[in-house]
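Visitor: Mind having a look at this structure? Questions to follow.
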Amino acid sequence: MTATAETDRRSRWPLLISEGIRAAARRQPDKTAVRVVDRGTVVETIDYRRFAERMNRASQLALGGLGLKRGDRVAIASPNALQYMLLVNGLGSVGVITATPNPKLSPAEIAAICDDAGARVLFVSPELEEPLRAEPLATVERIVPMGATLDALLDAAADSRPAVGQLADSFDDFVLPYTSGTTGSPKGVRVTHISRSLTFYGMGVEYGCFGPDDHFVGLAPLCHGAGFAFNLAPLYFGASCDLMTGFDPEVVLEHLAAERPTGIFMVPTHFRALFDQSSALLDRCRDNRLTSIISNAAPLSQSLKERIVDTFGEGRLHECYGSTEAGVVTSLRPQDQLRKKNCVGLPFVNTEVRLLDDAGDAVPDGEVGELYSRSPYLFRGYWNKPDETAESLENGWATAGDLARRDDEGFYYIVDRKKDMIISGGVNIYPKEVEIVLDRHPAIAESAVYGVPDEYWGERVVAAVVVDGGADFPGDDALSAWCREHIGGQKIPKSFVALNALPRNPMGKVLKSALRERAGGPGHQVTAS
């Protein structure tokens, strides 16, 4: 970069999450920014003035005590914590990139992510310090325990906002979340400051629950793209956020009833757990102040959508489809939840979507094609993985390999993942079509359909089912008969596997690779790990 270009870059005010939070602190310094909720108890509260001060100290700690510079990487391995929010924004403010491995991974897996990212510093929750110090970390120069140790380091750092020349550029990498990986090893997703900031503006327009008068409940893990976005967007716009350290369905329902927040984000597994609670507790939540309930990460079944609407009221539920790489791609608004069955909605704000066949040609309405999107929210590529980047990001268009169709009103329906499509007897079978039918069976809580090798058919269709509480496994014949009433014979599973639970990754996506590995015989009872 030339000296003139550098001067021009520094003269532009960067679009950073940290600067949005600092602006909120100037507007309402005494307002509560975050309350940390641990097992139903508020254990920590911080106002915007204090949040901005601690964030400033994190910036100065990076540049001073830790000797980090713009473009360096660090990693945070921790459950949801206030210090997590402070670090990622304070460090990001001065151009330090934070990798966010899931703290539930094994120490060896976390170490591998640190090595892949080239992290110089590793911040860890106290319980992870000893196991991670035992790992042969190739690039980590220092491990910093969070809690009291980190607080002492922040106290010793200067309380001064970074100078304009020290701030990151809008187009710099901000965070490096690692895909949870339903297949293959995790990949670092390069998310820029401007991508995340513009995503927040789009979310603010679409969901309307992050403004200065709002009170949001953040319970998804900060280490994931969606959890990071939905837990931090309230702070960007000056709302209050209740950050939950973990998910307990009874605690969540009690919190909704007692605190009456205006917004919450949950994944489908969260909703299923809520509806396993007592009807008395659920009834207490029918009278609520929620304006927006947002779901993402995995599809909501139509029956689950209907139960959410029935319990919490109409005009609140938003379902969005997207990925860490593409951000939010489509959104189904409250007024369409019951009108558009098994639908993920219209393109998100400032997003273009197209469906292409294998030849790269656009498919007409009603036909299935691979879904591509382009928007200001796209990732920059995978960290140090040019080949994988080229597969997912082509000429400004991103794809997660999902197959979809579009109706005549422009609404999109995810048919399946391209990699999950089954070819049996030369016929393309989309597992989701079969799962929708099985999930309507009164004895079935949820299902996952997948293909396994078969000498005659090429692949045969197998269905794993979770029986609804109190019901008996209906048996292969009964389930086959049920399917035959709704779908063609070639789509009917050749066998059924009853599981206590479907194997999922930490964000709730079903691991069909694990199901294929453990495929059992007809009606075989298996316990999911």
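Visitor: With labels modelled as points extended 7 Å from the Cα through the Cβ direction, what inter-label distance (nm, one decimal) is found for Ile487 paired with Arg333?
Guide: 3.2 nm
Visitor: Given the C-alpha centroids of the stretch 186-258 and the stretch 319-390, what is the distance between them in whole angstrom?
Guide: 21 Å
Visitor: With 24 Å as the limit, write out which pairs from Lys104/Lys432; Lys419/Lys491; Lys418/Lys509 have Cα-Cα distances beyond it, or answer none.
Guide: Listed pairs above 24 Å: Lys104/Lys432.
Visitor: Suppose R0 equals 30 Å. What FRET efficiency, 1/(1 + (r/R0)^6) with r the Cβ-Cβ distance, do Arg49 and Val205 give to the nearest 0.05?
Guide: 0.60
Visitor: While we're looking at this one, here's another question. Calculate, for Ala471 and Asp310, the FRET efficiency according to 1/(1 + (r/R0)^6) with r their C-beta to C-beta distance and R0 22 Å; round to the nearest 0.05.
Guide: According to the calculation, E is roughly 0.60.
Visitor: Rank-order 373-385, 217-229 by packing density, defined as the average count of other C-beta atoms within 10 Å over each peptide's residues, highest first.
Guide: 217-229, 373-385
Visitor: Between Val42 and Ala362, what is the FRET efficiency for a Förster distance of 35 Å, r being their Cβ-Cβ separation, to the nearest 0.05?
Guide: That pair, Val42 with Ala362, gives E of 0.10.
Visitor: Of Tyr456, Phe230, Ala23, whose Cα points farthest to the positive end of the dipole of the chain (charges on the beta-carbon: +1 Lys, Arg; -1 Asp, Glu; origin at the Cα centre)?
Guide: Working it through, the farthest residue towards the positive pole turns out to be Ala23.
Visitor: Putting +1 on Lys and Arg Cβ atoms and -1 on Asp and Glu Cβ atoms, find which of Asn56, Val349, Val466 reaches farthest to the positive end of the dipole of the chain.
Guide: Working it through, the farthest residue towards the positive pole turns out to be Asn56.
Visitor: Next up: Using just the helices of the chain, give the 222 nm mean residue ellipticity in deg cm²/dmol: DSSP H runs with n ≥ 4 each add -39,500 (n - 2.57), and the total is spread over all residues, rounded to 500.
Guide: The helix contribution divided over the chain gives -9500 deg cm²/dmol.
Visitor: List the relative contact order of the stretch 280-345 as a percent without decimals, with contacts defined as Cα pairs under 8 Å and 6+ residues apart.
Guide: 30 percent
Visitor: Distance between Cα centroids, the stretch 45-59 to the stretch 113-150: provide it in whole Å.
Guide: 23 Å
Visitor: If we sort 103-113, 130-140, 189-199 on the protection proxy, mean other Cβ atoms within 10 Å, highest first, what's the order?
Guide: Result, highest mean Cβ count within 10 Å first: 189-199, 103-113, 130-140.
Visitor: Using +1 on the beta carbon of Lys and Arg, -1 on that of Asp and Glu, and nothing else charged, what's the dipole of the chain about the Cα centre, debye to 20?
Guide: The calculated dipole for the chain is roughly 1140 debye.
Visitor: For the stretch 324-418, calculate the relative contact order in percent as a whole number, restricting contacts to Cα pairs under 8 Å that are 6 or more residues apart.
Guide: 30 percent
Visitor: Another question about this same structure. Quick one: work out the % antiparallel among DSSP beta bridges in the stretch 1-122, nearest 5.
Guide: Restricted to the stretch 1-122, the bridges split so that about 50 percent are antiparallel.
Visitor: Something else: Relative contact order (percent) for the chain, with alpha-carbon contacts under 8 angstrom and 6 or more residues of separation?
Guide: After rounding, I find 10 percent.
Visitor: Same structure, new question: Percent antiparallel among DSSP beta bridges with both residues in the chain, to the nearest 5?
Guide: Expressed as a percentage, antiparallel bridges in the chain total about 55.
Quick note: the coordinates plus some simple rules give every number you see, no bench work behind them. Everything quoted here is computed from the prediction, not taken from an experiment. So basically every Cβ, Gly included, is an ideal-geometry build from the backbone, and we count neighbours across all protein chains shown.
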